[in-house]
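What follows is one structure encoded as structure tokens, with my remarks underneath.
The values are calculated or read from the model by the stated rules, or taken from the named source; none is laboratory data. Given the structure is predicted, the values throughout are model-derived calculations rather than measurements. Ideal geometry is used to build each Cβ from the backbone, glycine not excepted, and the neighbour counts take in all protein chains shown. The area values use the complete protein model at the heavy-atom level, side chains included, leaving out ligands, DNA and RNA. Shrake-Rupley method; radii C 1.70, N 1.55, O 1.52, S 1.80 Å.
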Amino acid sequence: DGQQLEGILYKPADYDATKKYPLILYYYELNSDDLHYYYGPKPTASIVYATEYASAGYCVFIPDIRYKHVGHPAKSAYDCIMSGTDHVLKLYKNIDSTRMGLQGQSWGGYQIAYLITKTNLYAAAWAGAPVVNMTSAYGGIRWGTGLNRQFQYEKTQSRLGASLWERPDLYIKNSPLFSLPKVSTP
């Protein structure tokens, strides 16, 4: 839609423009500000450390997600991730478009769960701790604080802007659960 977006592309230290590379996309919300932050390579059960995967011969793309419309966070994520992927493939002809994967944790996991209901572009997806049903998660209790999650859906990260009772359509439309039969991405 013409919105200027940013992202970070990590390439292997021995990057060779004549060689084909697989691509992993990792995202949460905004990460381009971390361009000069050092993440030491280490294994983790829940997120991708770009330096670890770049050291193993992958390119890793971390696009920023910009949310435009209250009530439609999944659509905003889809638009940013898909246009970012298209742009990287256009700039780097040696990225193998048949060997692209997605990874995200929590809110990033939610975005993956939604994304794979809308596209088969990616060869594999790993969604860590995603919310797939916003109608049932709405009444959940947050770990640590013990707070009910309603505020998250109405006012903060989930960006739906209304209660479940006011706009059940938004909760259903943004819940990947209701489109899971369309998924073919492993």
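What to note about this one:
- Members of the range 6-17 that are small (Gly, Ala, Ser) and either surrounded by fewer than 19 Cβ atoms within 10 Å (Cβ to Cβ) or not in a strand (DSSP E or B) (or both): 13, 17
- The number of residues in the range 113-138 that are out of contact with any helix residue (DSSP H, G or I) (no Cβ under 7 Å at 6 or more places or on another chain) and more than 24 Å from residue 84 (Cα to Cα) comes to 2.
- First in the range 117-128 and farther than 17 Å from residue 23 by Cβ, second anywhere and assigned to a strand (DSSP E or B) and open to solvent by 40 Å² or more (accessible area, probe 1.4 Å), Cβ under 7 Å, 6 or more apart: 128/105
- For the range 134-147, the criterion of being over 22 Å from residue 173 (Cα atoms), of a type in the set (Lys, Arg), modelled with pLDDT under 95 and not in a helix (DSSP H, G or I) is met by at least one residue.
- Near pairs, Cβ below 7 angstrom, 6+ apart or cross-chain, from the range 42-58 (among the charged types (D, E, K, R)) to any residue that is open to solvent by less than 70 Å² (accessible area, probe 1.4 Å) and part of a loop (DSSP other than H, G, I, E, B): 42/49
- Number of positions in the range 33-58 that are of a type outside the set (A, V, I, L, M), closer than 24 Å to residue 78 by Cα and at pLDDT below 85: 4
- Count - residues of the range 153-167 that are open to solvent by 20 Å² or more (accessible area, probe 1.4 Å) and either closer than 16 Å to residue 142 by Cβ or in contact with a strand residue (DSSP E or B) (Cβ under 8 Å, 6 or more places away or on another chain) (or both): 4
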